[in-house]
Amino acid sequence: MKTLLRRIDSEIAAGGGKRSKSRQHVIETFFRAGTHVTVEELTRTARRGSRNVGAATVYRTLKLLARLGYATEHDFGEGVRRYESNLSPHHDHLVCRKCGVVSEFKEPGIEMMQDEVARRHGFRPTTHRLDIYGYCRRCAPGAREDGAR
Ligand SMILES: [Zn+2]
Ligand SMILES: [Zn+2]
């Protein structure tokens with residue numbers, strides 16, 4: 001963690017950014033927070049450690065991390081963006097349109113097919129996003145508790 005934070009710090013400095021204690025705190029909180037946080041959620045968490053962190057600082061920091069390639073910005077259609085650390089291994093998402101729950105999954109078959117499609121097009125993929133929208137088990141119309149049909 002320390003090495004990573006130092007590396008990010010020097011990248012920010014190289015881009016002409018100034019050193020900032022609260023930004024460092026936000027970055028650390030973000031990497032510890034885990035998955036898919038909004039600016040609001042991260043601001044709340046960051047304030048637990050150090051009270052004077054503004055939402056604007058959190059917003060700018062997340063944008064910066066996304067630009068430097070340490071975070072991915074997601075728009076799951078909730079009208080609010082979510083940010084995810086790029087340190088977590090690659091995965092895809094299932095997004096519930098009703099309750100908004102986001103589940104992660106890994107499917108080697110899908111990964112392989114995507115590579116195959118790209119190859120056929122003479123395309124060299126670097127990354128991809130796959131978000132499947134619909135209803136989770138609990139929200140699916142006509143769903144029953146036991147999941148039976
Ligand atoms: Zn749901
Ligand atoms: Zn995710």
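Scanning region 63-85 for residues that are among the charged types (D, E, K, R) and under 14 Å from GLY17 (Cβ atoms), which turns out surrounded by the fewest Cβ atoms within 10 Å (Cβ to Cβ)?
The selected residue is ARG67.
Between LEU87, LEU94, LEU65, which is in a helix (DSSP H, G or I), aliphatic (A, V, I, L, M) and within 16 Å of ligand 2 (Cβ to nearest atom)?
LEU65
Return the pairs, sorted by first residue and then second, in which the second residue is within 16 Å of ligand 1 (Cβ to nearest atom), the first residue lies in region 94-119 and is without any contact (Cβ under 8 Å) to a residue 24 or more places away in the chain, the beta carbons are less than 8 Å apart, and the residues are 6+ apart or on different chains.
The qualifying pairs are PHE105/HIS93; PHE105/LEU94.
Only one of these conditions is not met by ALA55: (1) under 13 Å from the mean Cα position of the chain (by Cα); (2) at pLDDT 90 or above; (3) of a type in the set (A, V, I, L, M, F, W, C). Which number is it?
(1)
What do you reckon, is GLY142 assigned by TED's automatic domain parsing to the domain that holds ILE12, part of a loop (DSSP other than H, G, I, E, B) and either more than 21 Å from the chain's Cα centre (by Cα) or within 16 Å of ligand 2 (Cβ to nearest atom) (or both)?
Here the answer is no, as GLY142 does not meet what is asked.
Working carefully through the options VAL53, VAL58, VAL37, VAL80, find the one that is in contact (Cβ under 8 Å) with a residue 12 or more places away in the chain, farther than 27 Å from MET1 by Cβ, more than 16 Å from ligand 1 (Cβ to nearest atom) and assigned by TED's automatic domain parsing to the domain that holds ARG19.
Matching residue, one of VAL53, VAL58, VAL37, VAL80: VAL80.
Take region 61-77 and flag every residue that is in contact (Cβ under 8 Å) with a residue 60 or more places away in the chain and either of a type outside the set (A, V, I, L, M) or within 15 Å of HIS128 (Cα to Cα) (or both).
Result: TYR70, single match.
The values are calculated or read from the model by the stated rules, or taken from the named source; none is laboratory data. For clarity, every value in this text was computed on a predicted model and none was experimentally measured. Reconstructed Cβ throughout: ideal geometry from the backbone, glycine too, with neighbour counts over all protein chains shown.
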